1. What does the average come to when, for each residue of peptide B:72-79, you count the partner chain Cβ atoms lying within 10 Å of its Cβ?
2. ³J(HN,Hα) across the stretch B:103-117 via Karplus (A = 6.51, B = -1.76, C = 1.60, θ = phi - 60°), whole Hz, x for Gly/Pro?
3. Taking H as built 1.01 Å from N, whose amide H comes closer than 5 Å to the amide H of B:TYR178, not counting residues under 5 places away?
4. Specify the residue with the greatest mean-square fluctuation among B:ASP141, B:ASP164, B:ASP57, computed from a Gaussian network of chain B linking alpha-carbon atoms under 10 Å apart.
5. Give me the three principal axis extents of the stretch B:2-198 from the C-alpha atoms, as integers in angstrom, largest value leading.
6. Within a 10 angstrom radius of each residue's Cβ in B:62-69, how many Cβ atoms of other chains show up on average? Whole number is fine.
7. So what's Rg/Rh here for the stretch B:33-140, counting alpha carbon atoms and using the Kirkwood radius for Rh?
8. Counting alpha carbon pairs within less than 8 Å and at least 6 residues apart, what relative contact order, in whole percent, applies to the stretch B:61-200?
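Nothing in this text is a laboratory measurement; each read-out follows from the coordinates by a stated rule. Predicted model, so just to flag it, every value in this text is computed and none were measured. Cβ coordinates were reconstructed from backbone atoms using ideal geometry, including for glycine residues, and neighbour counts include every protein chain displayed.
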Amino acid sequence: MLRSGRPSKVYDSGARVRRQKIDACPIRRSGRLESLMGDWKTTGASVGAIFASLLTLGCCLPLPFIGAAGVAGASVFFAGARPWLLGLSVVLLGVGFFQVYRGLRCRTGPSKWAIACLVVSTLTMIVLLLFPQVIAVLFANLLGGRR
Amino acid sequence: MNKRLSLIAALSIVVLLTVGWHFYRGKTVPAGQPALLSLTAQNFDELRKAFNASAGDVRVVLLLSPTCPTCLRGSAAVENVLKQNSNPHLRVFAIWEAMLPTDYARPGTLVLGRLSDPRVAQYWDKNHLFALELARKLRSDADHPQPGCCTRDGVHWDEIIVYDQDARWDAQLPRAAYVEGPVVDNAPELSEVMARLLSI
């Protein structure tokens, strides 16, 4: 670029744009570790959304960890908590999408793994909300209620 | 990249809707059963008439939620009990209730098909009309058998209620011979109660 001995205007402009992009991207600004943390936030939110939405079916499922914890009346708790768990799933998905949106403004963008997690969790949520009877039947069959 | 993602998302939604349509097409009950009736305050009397029309038979009422896996396991357990007892003097009224936030739709073919015996009649009781009637009876009759489980906000669900041949539903529900829940855990006992009543 500097072969001709003249500083390149394009180069200067490109560097400015890159610097602006990096400035607008807080998770990339501080280095690789933070960028990894950003991906984990997206993935964590996605996995959290899946987990929360699956717990909405937990009203009636003998979840092993609940038994281990010895929480009495857990089924009643989960039945009552269903609306909150559904809300939590939607909020976590929102967090995931925000993380990806923020990542898209960065030079490297969010990782494919984080996007894949988000897509899977979104699809899980859609299926759970639109076809709860299908999911309930699948769970019932898995738990031994197959006809 | 964005175009590709949008395409994948659109395709996924189309696939999901297709799968959903496949499972939800119609709310058809299995062959030999009367059509699914959605109970309202206006037509609730039809359930009472159907109940009284089968006087002389042992009648079993099931209160279930269509998106509760445990209730669905209960429906499969009752189906197995019915397979083991082919007595024609037996009627089952399966009442699907809206108990959970995901119970926003009437039970679909997939759910209704879990009780395929022709002695079963299935109902969708969004407003818990039968459960409230049962609660009234349980409150007013101190000697009535009481279920050990299951109510939510005072509404009974995931329960089996068995009425003998002489039971008649007039102003109030008759006294039940047996009331218990959850259905899946009490199916063996249901089998015994049915056999005992049918042998009388």
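1. Values: counts 11, 9, 3, 4, 7, 3, 0, 2.
The shielding value for this peptide is 5.
2. Listing the rounded values in order: 8, 8, 10, 4, x, x, 4, 4, 6, 4, x, 6, 10, 9, 5 Hz.
3. Distant-sequence amide H within range of B:TYR178: B:VAL162.
4. Comparing B:ASP141, B:ASP164, B:ASP57 in the GNM, the peak value goes to B:ASP141.
5. The Cα atoms of the stretch B:2-198 stretch 68, 35, 32 Å along their principal axes.
6. Values: counts 0, 0, 0, 4, 4, 14, 10, 16.
Whole-number average of other-chain Cβ neighbours for B:62-69 is 6.
7. Details: Rg = 13.5 Å, Rh = 14.3 Å.
Ratio of gyration radius to Kirkwood radius for the stretch B:33-140: 0.94.
8. Values: 226 pairs, mean separation 41.1, N = 140.
Computed over the stretch B:61-200, the figure is 29 percent.
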